[in-house]
Structures are given as structure tokens and as C-alpha cells.
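One structure is given below, encoded as C-alpha cells.
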Amino acid sequence: MVIVETIIQNKHGFHVRPCQQFLRMTQNFTSKITVVNADKGIEVDGKNAFSLMQLMALRGTYLQIKAEGDDEEIAAAALSGLVASRFGGID
């Protein structure tokens, strides 16, 4: 298992459009993806839209992205990179 840590930096947090981007990216990987809102102790399935919305991750929220499987290192790096890029500049 690979665990990476990142912070939500976009203005409106992890709302619908960023969640859609995150979900699209997870489909490229076979690894199990889990996302943790470390501030609130909420852990969800990173490949489930409803679960991701339950994170309630606003700007400044500390997230952990966990990937477990054959492509775990690539998945964790790509997903944390997406978050760090502010989801490509989406606010």
C-alpha cells in the first residue's frame, strides 16, 4: 500500500467538478483507492462518487490518498498530483 498526503488548495474545495476529474482518473488504475479526510477522520472509497462527496473537503483540508494494488505507486502519484494542481485550476 502507498499512502500520499496532500492538501485541497482550490477555492471551493472538493466539489462536483473536481470529484468528477478524480473519478475519471481512478478508472485508469486497477488499484483499490481510498481517500481520507484526515481533519474529520472520514475514510471513503475513492472510486465511488457518492463516497467522495461525503468527504466534505473544503480548501485547506488535509487528505490522504491510499492506493493498494499492482499500479499503486503510479495511481497514488497521479491522484495526488491532480489534487496538488488544484484539479487543473478548477475553483
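Are any of the residues in the stretch 34-55 within 14 Å of PHE87 (Cα to Cα), at pLDDT 95 or above and outside any loop (DSSP other than H, G, I, E, B)? No, every residue in the stretch 34-55 fails to be within 14 Å of PHE87 (Cα to Cα), at pLDDT 95 or above and outside any loop (DSSP other than H, G, I, E, B). A residue that is outside any loop (DSSP other than H, G, I, E, B), touching a Gly at 6+ places or on another chain (Cβ under 8 Å), surrounded by 14 or more Cβ atoms within 10 Å (Cβ to Cβ) and at pLDDT 95 or above occurs somewhere in the stretch 69-76. Cβ-Cβ distances below 8 Å connect the following pairs, each with a first residue in the stretch 50-73 that is in contact (Cβ under 8 Å) with a residue 40 or more places away in the chain and over 15 Å from GLU5 (Cα atoms), a second residue that is part of a helix (DSSP H, G or I) and of a type in the set (Gly, Ala, Ser), and a separation of six or more residues or different chains: GLY69/ALA75.
The values are calculated or read from the model by the stated rules, or taken from the named source; none is laboratory data. Quick caveat: nothing in here was measured; it's all calculated off a predicted structure. Glycine gets a Cβ as well: all are built from the backbone with ideal geometry, and neighbour counts include every protein chain shown.
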